[in-house]
Amino acid sequence: MRTLFSDEELIHCGLARPAPIRHPIAYEPHERPNLSDYDRFLVFFSGGKDSVACFLWLLDQGIPVDKIELHHHLVDGREGSKLMDWPITTDYCVKFAQAFGVRLSFSWKEGGFEREMLRENAPTAPVHFYTQSGEKRQIGGDGKLNTRKKFPQVSADLSVRWCSSYLKISVGESYIVNDPVFRQGKTLVLTGERAEESAARAKYKVFEPHRADNRNGARVKRWVDVYRAVHGWPEQQVWEIFRKFGVNPHPAYHLGLGRTSCMACIFGSPKQWAMLKHYMPTHFKSISDYETLFNTTIKRGASVVQTAAKGVVPELDRFWLEVAMGETFTPQILLNPATWSYPLGAFGESSGPT
C-alpha cells in the first residue's frame, strides 16, 4: 500500500487523549496576544480559506516562517480509507507549505473517520505522531469499550458531532500534550473560526488559554494560548489577504463551494449532496449504504439520497474537478497578485460546521 508521506514530510504528527485545563485562567474579551511574547506559532491548518488567512496574517505581522508551524489533521487517517475528505487536500497542504518554506506536520487517528464510525464494543483507535525531534510515538488504543455504528449527527453538540472532537480537536490537543517541545517557552495556537460563519462561532472567545495549557503544573509546565485571529473578519477581508499574497485557494473553492470542509461534510447542503452523488458516485454510495446499515441517517428525517434529490447538480469545471479528485496538486500555489481573481465559491453557499 502506498504511504502518503516520506520521513522528511512527516516531520511530526501528534495525537492523544484530551487533558483538561487545570487552572482558572480567563482573559478579558478585549485582550489580544502580544506576539513578541511567544516562542512559536502553531496554525491548525485545514487548507481552507480561514486557516490560510491565519497563516498569512502572521506573515503580515512580521513573524518569520521559522517560528511558524502548520499542522494538518488527516481526517481519513494516513492511508487506506478515503470515505470523507477531498483526495487532494493533503497534497495541497504539502505544496502550500513548500511554497512558503514553512514547517508542516500531520496528525491522525488510526483508521481515521471510517474506523471510528464503525467502532463496535471496542476502544477508540490509537493515535500516532512524530515529535519535532523525529521520534515516532503511538498513544492510546486501550481505553474503555464502546460502540458508535453511526455517522456524526448534524449538531453544534460535539458529543454527537464526534468527527470534530475525535478527529480534530482532541488530536491537535494530544499532539501538543505529548511533544516535549511544547514544554519550552510559550506557544500561540491559531485557529480559523469566524463569527460570521454561525451564531455559535460568534460566541467563541477570541483569545484564551488552550485546552492543552498547563502553565501552573507542578511537574510539567506548558504555556499554550489560542488566538482566533480572523474571528471578526468578514469574508471579504479573508479573500483580500489571499489577493495580497497571491494565494491560489483549495480546489473546492474553484468548484463553487464557499467553505472547504470534508468533501462529504455532514453539514452539506442539498446542492452539495447532489454534486457528490453525480460526480463522486462511489463516495456517495458508500455513505448511503452506511446509513442503511446503521438505520440512522446523518440528517434528522432525511437520508443523503433524499437530501441530494432536493438539490440541483452544479456544472463543475472539469479541470478543477480532476485536480480535486487527484492526489497531486499540480497548479501553482502562488499567483500574481495583480491578476488574482476570486474563485467561483467566494461569497457563495457556505454549508459547514457550526
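Throughout, read-outs are computed from the coordinates displayed, never taken from laboratory work. Keep in mind that what you see is a predicted model, and the values were worked out from it rather than measured. Counting neighbours? That spans all protein chains shown, and the Cβs are built from the backbone with ideal geometry, glycine included.
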Output the pairs from LYS136/LYS186; LYS150/LYS271; LYS149/LYS221; LYS150/LYS203 with a Cα-Cα distance over 32 Å in this structure; if there are none, say none.
LYS149/LYS221
Kindly provide the helix-only [θ] at 222 nm of the chain, computed as the sum of -39,500 (n - 2.57) over DSSP H runs of four or more divided by all residues, to the nearest 500 deg cm²/dmol?
-7500 deg cm²/dmol
Assuming 0.692 mPa s and 37 °C, estimate D for the chain with Stokes-Einstein, Rh taken as the Kirkwood radius over Cα pairs, in µm²/s.
157 µm²/s
Residue-span extension gain [ASP39 to ASP317] - 0.36 nm each, minus C-alpha spacing
95.8 nm
With N denoting the number of residues in region 147-275, provide Rg(C-alpha) divided by 2.2 N^0.38 Å, to two decimal places.
1.25
GLU79 versus ARG219: modelled label distance in nm, points set 7 Å from Cα along the beta carbon direction
3.6 nm
Mean separation of Cα pairs under 8 Å and 6+ residues apart, divided by the residue count of region 35-250: what relative contact order is that in percent?
22 percent
Can you give the FRET efficiency to the nearest 0.05 for LEU59 and THR292, using r as the Cβ-Cβ distance and R₀ = 35 Å?
0.15
With the chain treated as a Gaussian network of Cα nodes joined by springs under 10 Å, which of ALA218, ALA252, ALA264 yields the largest mean-square fluctuation?
ALA218
So if we plug the beta-carbon distance of HIS278 and GLN138 into 1/(1 + (r/R0)^6) with R0 = 30 Å, what FRET efficiency do we get, rounded to 0.05?
0.15
For ILE241, what charge total do you get from the other residues with a beta carbon under 10 Å from its beta carbon, if Lys and Arg give +1 and Asp and Glu give -1?
+1
Contour minus Cα-Cα distance for ASN336 and SER159 (0.36 nm per residue)
59.3 nm
Compute the separation of the alpha-carbon centres of region 203-266 and region 333-347 and state it in Å as a whole number.
20 Å
The answer for trypsin sites (Lys or Arg not before Pro) in region 179-252 that fall in a DSSP coil and have at most 13 neighbouring Cβ atoms within 10 Å is LYS203, ARG219, LYS221
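Tell me the GluC sites (Glu not before Pro) within region 88-178 that lie in a loop according to DSSP and have at most 10 other beta-carbon atoms within 10 Å. It would help to have the intermediate numbers written out before the result.
On the way: sites: GLU110, GLU114, GLU116, GLU120, GLU135, GLU173; in loops: GLU110, GLU120, GLU135.
Hits after loop and neighbour filter: GLU120.
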Among THR330, THR191, which comes first, second and so on when ranked by fewest other beta-carbon atoms within 10 Å?
THR330, THR191
Within region 242-341, DSSP-loop GluC sites (Glu not before Pro) with at most 15 other C-beta atoms within 10 Å are GLU315, GLU327
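Just list whichever of LYS277/LYS299; LYS82/LYS285; LYS109/LYS144; LYS95/LYS277 have alpha carbons separated by over 18 Å in the model shown.
Long pairs (Cα-Cα over 18 Å): LYS95/LYS277.
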Between the residues PHE151, PHE182, GLY80, the Cα farthest towards the positive end of the dipole of the chain, that dipole coming from +1 and -1 charges on the beta-carbon of Lys, Arg, Asp and Glu, is from PHE151
How much length is gained on full extension from LYS285 to TYR204, taking 0.36 nm per residue of separation minus their Cα-Cα distance?
25.6 nm
